[in-house]
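Trainee: Mind looking over this structure? Questions follow.
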């Protein structure tokens, strides 16, 4: 699909409105389902850092499937 991959892995930081371990587990599940990502979840600060070749739009759309409020904080 055009625009789906950058061709190189980039590190991006997102804010995800997670309030508990179950929220973090949902994020983990949805990102593992997408594939091609490495990520770190910072539950206390409600942040997710993702290393991936996927575009920011794809990552935002995927995180949005959690039903949580999501915003892109920028490259890390």
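Bear in mind that the values in this text are calculations on the coordinates, not laboratory data. This is a predicted model, so every value here is computed, not measured.
Trainee: Could you work out the helix-only [θ] at 222 nm for the chain, with each DSSP H run of four or more residues adding -39,500 (n - 2.57) and the total divided by the number of residues, to the nearest 500 deg cm²/dmol?
Mentor: Numbers: 2 runs with 23 residues, N = 76.
My calculation for the chain gives -9500 deg cm²/dmol from helical runs alone.
Trainee: Further question on the same structure: From zero outward in steps of 5 Å, how is the percent of C-alpha pairs of the chain spread across the bins?
Mentor: Reading the bins upward from 0: 3, 18, 32, 28, 14, 5, 2, 0.
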